[in-house]
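*Asks:* This is the structure I want to talk about, given as structure tokens.
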């Protein structure tokens, strides 16, 4: 097994982040019949694929002469990564960016048998087809070229990651505000129905309802370009607390984009 340096491993990570983005974006874009910038980041990088590829290489290179072991080790290692990543994003960002709940043999919607079998096949493809030309490319890089490339990519990656996390937290706050407004609207309607005989009170409640509707419209109209793309790029994402609001906003954004 070739002993890679830290910087070579880091270059492999970024390359496979990009390869993963190409795979995911292609699959989702074909399904949606339009281009979707798939992933958590704005840049064409999907970190889970980068980490997945590194894990596959670390645990499968020692057994690369045995395809069955490569398949098994790759399947187990990447399934653990997918489960942990899903759990971590749900805990930190209160969002579920993929959900296998509707598939058979799933665990809390974070992993499922079909996905794990796919990871095993991808491990074989990575080890025996994809990695060899990428390895030659990385090993042929001079230290100067690699240093410059890694500096630029790392700067973009870190700034993009910080922005993506802030966007995810902002979206969660937006969903919380909309959920509160919807609950207040429901209470106001109930109060209005109970007090229809009191004209002045009814007028005040009607005014409150209109104000709440205006607040909701203002919130949805002010969703910026990156937040809009962030929501639409994850068509199967679910919010742990505010899923109804998320589905409603996603549907409005889709109609606005495709009138």
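The values are calculated or read from the model by the stated rules, or taken from the named source; none is laboratory data. Small disclaimer: the values here were computed from a predicted structure and weren't measured. A quick note on method: Cβ atoms are made from the backbone with ideal geometry, for glycine too, and the neighbour counts reach across all protein chains shown.
*Asks:* From the list 74, 52, which one is over 19 Å from the mean Cα position of the chain (by Cα), crowded, with 20+ Cβ neighbours inside 10 Å and closer than 16 Å to residue 115 by Cα?
*Replies:* Working: 52 fails: over 19 Å from the mean Cα position of the chain (by Cα).
Residue meeting the stated conditions: 74.
*Asks:* Taking only the stretch 93-136 into account, find how many residues are more than 17 Å from residue 58 (Cβ to Cβ), touching a helix residue (DSSP H, G or I) at 6+ places or on another chain (Cβ under 8 Å) and in a helix (DSSP H, G or I).
*Replies:* The total comes to 5.
*Asks:* Follow-up. Just the residues that are in a helix (DSSP H, G or I) and either modelled with pLDDT of 85 or more or more than 19 Å from residue 164 (Cβ to Cβ) (or both), please, taken from the stretch 26-39.
*Replies:* If we filter the stretch 26-39 for residues that are in a helix (DSSP H, G or I), which is where we start, we get 26-32.
Of everything in the stretch 26-39, those that are in a helix (DSSP H, G or I) and either modelled with pLDDT of 85 or more or more than 19 Å from residue 164 (Cβ to Cβ) (or both) turn out to be 26, 27, 29, 30, 31, 32.
*Asks:* Just checking, which of 183, 193 is in the same structural domain as residue 239 (by TED's automatic domain parsing), at pLDDT below 75 and at negative phi? Steps first, answer last, please.
*Replies:* Numbers: 183 fails: at pLDDT below 75.
Exactly one of 183, 193 is in the same structural domain as residue 239 (by TED's automatic domain parsing), at pLDDT below 75 and at negative phi, namely 193.
Per-residue answers, yes or no, for (1) within 24 Å of residue 246 (Cβ to Cβ); (2) at pLDDT 75 or above; (3) part of a helix (DSSP H, G or I):
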position	(1), (2), (3)
174	yes, yes, yes
200	no, no, yes
208	no, yes, yes
227	yes, no, yes
230	yes, no, yes
